[in-house]
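Quick notes on the structure that follows.
The values are calculated or read from the model by the stated rules, or taken from the named source; none is laboratory data. The structure presented is a predicted model; accordingly, all values stated were derived computationally and were not measured. Positions of Cβ are backbone-derived with ideal geometry, glycine not excepted, and every protein chain shown enters the neighbour counts. To get the accessible areas, we keep the full protein, side chains included, count just its heavy atoms, and leave off ligands, DNA and RNA. Shrake-Rupley method; radii C 1.70, N 1.55, O 1.52, S 1.80 Å.
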Amino acid sequence: MDGVADMGGDTRFFGPLPRIDPEEAVFPHEWEARAFAVTLLANRAATSSNLHAFRHALERVPEREYLATYYGRWLASAEILLTDSGILAPGAVEARARALRGENVTEPADPEPNKPSMPTGGGGNLRTIESPRAFAVGDRVRATSDAAAGHTRLPAYIRGRVGTVAALLPGQVLPDTAAHFIGEDPRHVYSVEYDARELWGEESESFSLTVDLFEPYLEKV
Amino acid sequence: MTDADDALDPALREEALESLLLERGLVDTATIETFIRTYETAVGPMNGAKVVAKAWTDPDYKQRLLVDGTAAIAELGFKGPQGEHMVVLENTPSVHNVVVCTLCSCYPWPVLGLPPSWYKDPAYRSRVVREPRAVLREWGTDLGPDVEVRVHDSSSEVRYLVLPERPAGTESLSEEDLAALVTRDAMVGVTKVAAP
C-alpha cells in the first residue's frame with residue numbers, strides 16, 4: 001500500500017542518521033515494553049496473530065502518528081485491529097485514557113464481535129508448494145508497475161524495475177491476500193537482484209540490491 | 001486524527017488499552033511480563049554473537065551456516081518468531097552486505113532480539129537502499145570503491161544475518177572472547193567488528 005510505511009529511497013525521509021548506541025536499552029521506557037507485549041496480545045485476540053494483518057494495520061496508521069514514536073505506532077495499529085474485529089468500539093481507548101486522567105467521560109459500549117478468520121495451512125508463513133516455479137536463477141524479471149490498493153510486500157521503488165533472480169526462497173503465505181483474510185494463497189518467492197543504476201539512474205553509487213519478491217509480483221523479461 | 005488524539009500521551013494510551021483488554025480477559029499480566037522479559041534478557045544480539053564466534057572458529061560450522069542458516073543457527077538453540085528461514089551473508093574484504101526493512105522493521109529476532117532505534121529510523125530505511133556507501137560512511141565505515149556493496153531489503157519472511165569479518169589480531173582469542181567483540185550493528189552490516 002502506498003503511504004508513509006513504504007520508505008525505501010523516498011527523499012522525504014532523508015536526513016542525518018541517528019547515533020548508534022550499542023548500550024541502547026531494548027525498551028528505553030516502561031510503556032514501550034508494555035506496548036510491545038500488549039500489541040502482540042491484541043493481535044492474537046483480534047486476528048489470531050495474522051502477521052500480515054498487523055503490518056497492514058501499521059500501514060494504515062496516519063502519517064503524523066506513524067512517525068511520532070515506534071511503539072506509539074504499534075498501539076495505534078492494535079486499536080485498528082481491535083476495532084476492525086469488533087472487540088473495541090472506535091474511540092474506546094481515548095475514552096478510557098480520559099477516564100484514567102480523571103475526566104468525566106462516557107465510555108462507548110462494545111460493538112458486535114466481527115473477528116475475521118481464514119483457513120490456515122499450519123503455523124508460521126513457510127509453505128510447501130507443489131506447482132512448478134515460473135522462474136529460475138538467472139532469469140531476468142520485471143516487477144509489476146501496479147500499485148496495490150491493499151497490503152503488498154512489493155516496495156514502490158521496485159515497481160516496474162528489471163532485475164535478475166539471484167536465489168530461490170521457500171514458498172510463503174501471500175501477504176497481499178492473507179492481510180485481508182482472503183486466504184493464505186501460498187506462492188513461490190525469489191530473491192531478485194537489482195543493479196543500483198536500474199533503480200536510481202546512471203549517477204547512482206555503485207552497489208547491488210536484493211529484495212525478496214512473491215511470484216505474482218513478477219513477469220519474465 | 002483529532003486534536004484529542006494528538007494530546008494523548010503514549011504511556012497513557014498504553015495504560016488505557018491494557019486496562020480495556022484486561023477487563024475483557026484478552027491479556028493477562030503474567031503473559032505480558034513473560035513477553036517483556038524474554039526480549040529484555042533471553043533473546044538478543046548475544047545470541048547472534050555466539051553464532052558468529054562459532055563460525056569464526058569452526059570452519060565446518062561456518063560452511064553449514066552459509067548453506068543452511070536456519071539449521072545451523074538452531075544447532076545453538078536459536079529459533080522462533082521472525083527467524084523461520086534464516087540466510088547468513090558473509091562479509092569479506094571484497095564484499096560488504098547490509099540489511100534493511102524498508103516497509104516496516106523486519107529483523108531476525110532469535111539471533112538479534114528486537115531492532116534498535118536506528119534500524120527503525122526513517123533516515124536509515126529510506127537512505128540505505130539509495131546511497132548505502134554514504135550511509136555506511138556516516139557511521140564510520142568507509143568502503144573503498146573496490147569493495148562490492150550488497151544491500152538486502154527484507155521484504156518476505158526470510159531473515160538475514162550478516163557474518164562480519166573476523167578482525168585481525170584475534171587469532172589467540174577463545175570463542176567466548178570473540179563473541180564479546182561482536183556487535184549488533186556489525187551483524188546487520190552497518191559497521192565492522194573492531195579488534196580489541
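With B:70, B:34, B:29, B:92 as the choices, which residue is in the same structural domain as residue B:170 (by TED's automatic domain parsing), open to solvent by 20 Å² or more (accessible area, probe 1.4 Å) and either over 30 Å from residue B:153 (Cβ atoms) or within 17 Å of the chain's Cα centre (by Cα) (or both)? Spell out the reasoning first.
Working: B:34 fails: in the same structural domain as residue B:170 (by TED's automatic domain parsing); B:29 fails: in the same structural domain as residue B:170 (by TED's automatic domain parsing); B:92 fails: either over 30 Å from residue B:153 (Cβ atoms) or within 17 Å of the chain's Cα centre (by Cα) (or both).
Exactly one residue qualifies, and that residue is B:70.
Does residue B:117 satisfy the criteria of being small (Gly, Ala, Ser), under 18 Å from the mean Cα position of the chain (by Cα), within 13 Å of chain A (Cβ to nearest Cβ) and buried (at least 18 other Cβ atoms within 10 Å of the Cβ)?
Details: small (Gly, Ala, Ser): yes; under 18 Å from the mean Cα position of the chain (by Cα): yes; within 13 Å of chain A (Cβ to nearest Cβ): yes; buried (at least 18 other Cβ atoms within 10 Å of the Cβ): no.
No, not satisfied.
Collect the residues in the stretch B:129-161 that are under 18 Å from residue A:211 (Cα atoms), in contact (Cβ under 8 Å) with a residue 40 or more places away in the chain, of a type in the set (A, V, I, L, M) and out of contact with any His (no Cβ under 8 Å at 6 or more places or on another chain), keeping them in residue-number order.
Scanning the stretch B:129-161 gives B:151, B:161.
For the stretch A:138-221, which strands (runs of 3 or more DSSP E) that fit wholly inside it have 1 or more residues that are aromatic (Phe, Trp, Tyr) and over 30 Å from residue A:85 (Cβ atoms)?
Strands (runs of 3 or more DSSP E) meeting the threshold: A:187-195.
Where the second residue is of a type outside the set (A, V, I, L, M, F, W, C) and surrounded by fewer than 16 Cβ atoms within 10 Å (Cβ to Cβ) and the first is over 29 Å from residue B:86 (Cβ atoms) and free of Cβ contacts under 8 Å to residues at least 12 places away in the same chain and lies in the stretch A:188-203, which pairs have Cβ atoms under 8 Å and are six or more apart or on separate chains?
Pairs that qualify, where the first residue is over 29 Å from residue B:86 (Cβ atoms) and free of Cβ contacts under 8 Å to residues at least 12 places away in the same chain and the partner is of a type outside the set (A, V, I, L, M, F, W, C) and surrounded by fewer than 16 Cβ atoms within 10 Å (Cβ to Cβ), are A:197/A:204.
What helices (runs of 4 or more DSSP H) lie completely within the stretch A:52-107 and have 2 or more residues being more than 9 Å from chain B (Cβ to nearest Cβ) and open to solvent by less than 20 Å² (accessible area, probe 1.4 Å)? Write out each step before concluding.
Values: elements: A:63-68, A:70-84, A:92-100.
It comes to A:70-84.
Can you confirm whether residue A:126 is modelled with pLDDT of 95 or more and within 18 Å of residue A:49 (Cβ to Cβ)? Walk me through how you get there before you give the answer.
On the way: modelled with pLDDT of 95 or more: yes; within 18 Å of residue A:49 (Cβ to Cβ): yes.
So residue A:126 passes the test.
From B:147, B:193, grab the single residue that is in contact with a Ser or Thr (Cβ under 8 Å, 6 or more places away or on another chain), surrounded by 15 or more Cβ atoms within 10 Å (Cβ to Cβ), of a type outside the set (S, T, N, Q) and not assigned by TED's automatic domain parsing to the domain that holds residue B:59. Talk me through it step by step, then tell me what you get.
Values: B:147 fails: not assigned by TED's automatic domain parsing to the domain that holds residue B:59.
Sole residue among the options that is in contact with a Ser or Thr (Cβ under 8 Å, 6 or more places away or on another chain), surrounded by 15 or more Cβ atoms within 10 Å (Cβ to Cβ), of a type outside the set (S, T, N, Q) and not assigned by TED's automatic domain parsing to the domain that holds residue B:59: B:193.
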